[in-house]
Amino acid sequence: MERAVQVAIRARLVATPAVVALVPAASILDRNQRPAPSPSIVLGESQAVDEGDSIARNRARVYHTLHVWKREPSLEGVKVICAAIRMAIHAGRLDLGAGFHCADVRVSSMRQMRDPDGETSHGVVTVEALVEELA
């Protein structure tokens, strides 16, 4: 379930001209190392929480974190990228492929901060997707 959401988020971002105008598609990636390319969107951590509203236990809320990195002296560029991500995610439900249905998706939080290296800005975007596993 979490993997399907991650794949769908990346597909949405690379298919959104406003996002790839700010971050090249090749720099929207799943990678666990720094430094990340500048600018970049790194597909981060995820968690699935059972919604608890079905005896079938086939519905979960998936929380997926995106990390935005940009080498810049301010937070301006990271804020612009985060806003573009939000607009892309809010464009409609995610296509999760066979076996899953996305009932809802939204950006539930965004924050931007300065990295301790003094040269890099970092944004964290949390995407929530309500996912139903199909029988």
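For LEU13, indicate whether it is in a loop (DSSP other than H, G, I, E, B) and modelled with pLDDT of 90 or more. No; evaluated as a whole, the condition is false for this residue.
As for region 102-113, it holds no residue that is open to solvent by less than 20 Å² (accessible area, probe 1.4 Å), in contact (Cβ under 8 Å) with a residue 12 or more places away in the chain and touching a Phe, Trp or Tyr at 6+ places or on another chain (Cβ under 8 Å).
Every condition in (1) within 15 Å of SER108 (Cβ to Cβ); (2) modelled with pLDDT under 95 is met by GLN33 except one, and the failing one is (1).
Residues in region 114-125 that are in a strand (DSSP E or B) and open to solvent by 30 Å² or more (accessible area, probe 1.4 Å): ARG114 alone. When region 1-30 is examined, which residues are found to be surrounded by fewer than 17 Cβ atoms within 10 Å (Cβ to Cβ), in contact with a Leu (Cβ under 8 Å, 6 or more places away or on another chain) and among the charged types (D, E, K, R)? Scanning region 1-30 gives a single hit, ASP30.
VAL80 - would you say it is on the phi < 0 side of the Ramachandran plot, in a strand (DSSP E or B), in contact (Cβ under 8 Å) with a residue 24 or more places away in the chain and not small (Gly, Ala, Ser)? For VAL80, the condition - on the phi < 0 side of the Ramachandran plot, in a strand (DSSP E or B), in contact (Cβ under 8 Å) with a residue 24 or more places away in the chain and not small (Gly, Ala, Ser) - is not met. When restricted to residues that are under 25 Å from HIS122 (Cβ atoms) and open to solvent by 20 Å² or more (accessible area, probe 1.4 Å), region 81-101 contains 5. Condition first: more than 16 Å from GLU119 (Cα to Cα), within 13 Å of the chain's Cα centre (by Cα) and among the small types (Gly, Ala, Ser). Can you find one or more residues in region 24-35 that meet it? No: zero hits.
Scan region 33-71 for residues that are part of a loop (DSSP other than H, G, I, E, B), free of Cβ contacts under 8 Å to residues at least 60 places away in the same chain and surrounded by 15 or more Cβ atoms within 10 Å (Cβ to Cβ) and jot them down. Listed by number, the residues that qualify are ALA36, PRO37, PRO39.
The values are calculated or read from the model by the stated rules, or taken from the named source; none is laboratory data. Note that the coordinates shown come from a computational prediction; the quantities given were computed from them, not determined experimentally. Neighbour counts are summed over all protein chains in view; Cβ atoms, including those assigned to glycine, are modelled from backbone coordinates with ideal geometry. Ligands, DNA and RNA are excluded from the accessible area calculation, which covers all protein heavy atoms including side chains. Shrake-Rupley method; radii C 1.70, N 1.55, O 1.52, S 1.80 Å.
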